[in-house]
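To keep things clear, I will list the structure first and then write my remarks on it.
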Ligand code: SF4
C-alpha cells in the first residue's frame, strides 16, 4: 500500500509532521475566549459593550423616536409655542447670550433622541423625526439609490436607512406630507448653532411684522 502524501502547504510545519492542535481548541473553545482568559486581570472592569453594540443601542432610541413621531410632533408644537412665548425674555437677556446654554441642552436632548448632528437647520418635523444628517451622504431630499433590500444603508450596512425611516415616521404624523417639500442645501455656517432659538427668533420676527 502507498504512503499518504505529506502536506507541504505554507501553514503546515516545515517537517511535514501533523500540526499540533491546542488543547483548548480541541475542547471547542474559541480564540476569543482564549484571549479573554489570558488577558491580564485588573481591578478595572470596562463595561462589556462593544462599540458596535453601543451604536445599535443608539439606533434603538432613534428608532423609538420615529415610531413615536406623532407624539413628538404634538410635543414639539407645544414646545415651540412656549419658546416663542419666552421671546421677550430671550430678547431681554440677548439671543447671543442664551445661545450657549440653550445649545448645550439642545445638543444633549436631540443627540440622545435623534442622534442630532447640530446642523442648525432642523427638519425633523418634515422628515418623520428621522434626522437626515445621519445619512452618511447627508442627503436632505430622500434616499440614494443604494438602499439595501432590507432597508438598510449601503454605506453602513447595520444602520437602517434614515430616509426609509423618515418615510415611515412621516406616515404617522399629522403634517407628514411635509416630507414632500424640497429642502434647501445645508448652510454650513449654521452648524453648531441652536435651531430652537433660530426658529423662535424667525417666528417672533414674522409675528411682529404681521402685527405692525
Ligand atoms: S436636522 Fe439638524 S438640527 Fe435637526 S436633528 Fe438633524 S442635525 Fe440636528
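Looking only at segment 135-163, residues that are within 14 Å of the chain's Cα centre (by Cα) and over 17 Å from residue 119 (Cβ atoms) come to 9 in all. For segment 197-212, the count of residues that are buried (at least 19 other Cβ atoms within 10 Å of the Cβ) and under 19 Å from residue 62 (Cα atoms) is zero. When every residue of segment 18-30 is checked against the conditions, at least one turns out to be at pLDDT 55 or above, within 33 Å of the chain's Cα centre (by Cα) and surrounded by fewer than 15 Cβ atoms within 10 Å (Cβ to Cβ). Residue count for segment 153-177, restricted to those that are surrounded by 15 or more Cβ atoms within 10 Å (Cβ to Cβ) and in contact with a helix residue (DSSP H, G or I) (Cβ under 8 Å, 6 or more places away or on another chain): 14.
Looking at 199, 164 in this structure, which one is modelled with pLDDT of 95 or more, within 13 Å of the ligand (Cβ to nearest atom) and not in a loop (DSSP other than H, G, I, E, B)? None of the others qualify; the one that does is 199.
All conditions in (1) surrounded by 16 or more Cβ atoms within 10 Å (Cβ to Cβ); (2) near the ligand (Cβ under 10 Å from one of its atoms); (3) modelled with pLDDT of 95 or more hold for residue 107, with the sole exception of (1). Within the span defined as segment 178-193, every residue fails to be away from the ligand (no atom under 15 Å from the Cβ), buried (at least 17 other Cβ atoms within 10 Å of the Cβ) and assigned to a helix (DSSP H, G or I).
Filtering segment 117-143 to residues that are near the ligand (Cβ under 7 Å from one of its atoms) and assigned to a helix (DSSP H, G or I) leaves 124, 132, 133.
Restricting attention to segment 55-113, which residues are assigned to a loop (DSSP other than H, G, I, E, B) and within 28 Å of residue 176 (Cα to Cα)? Give the steps one after another, and end with the answer.
Looking only at segment 55-113, we keep the residues that are assigned to a loop (DSSP other than H, G, I, E, B), and these are 68, 86, 94.
Listed by number, the residues that qualify are 68, 86.
The values are calculated or read from the model by the stated rules, or taken from the named source; none is laboratory data. As the structure is a computational prediction, the values presented were derived from the model and not from experiment. Reconstructed Cβ throughout: ideal geometry from the backbone, glycine too, with neighbour counts over all protein chains shown.
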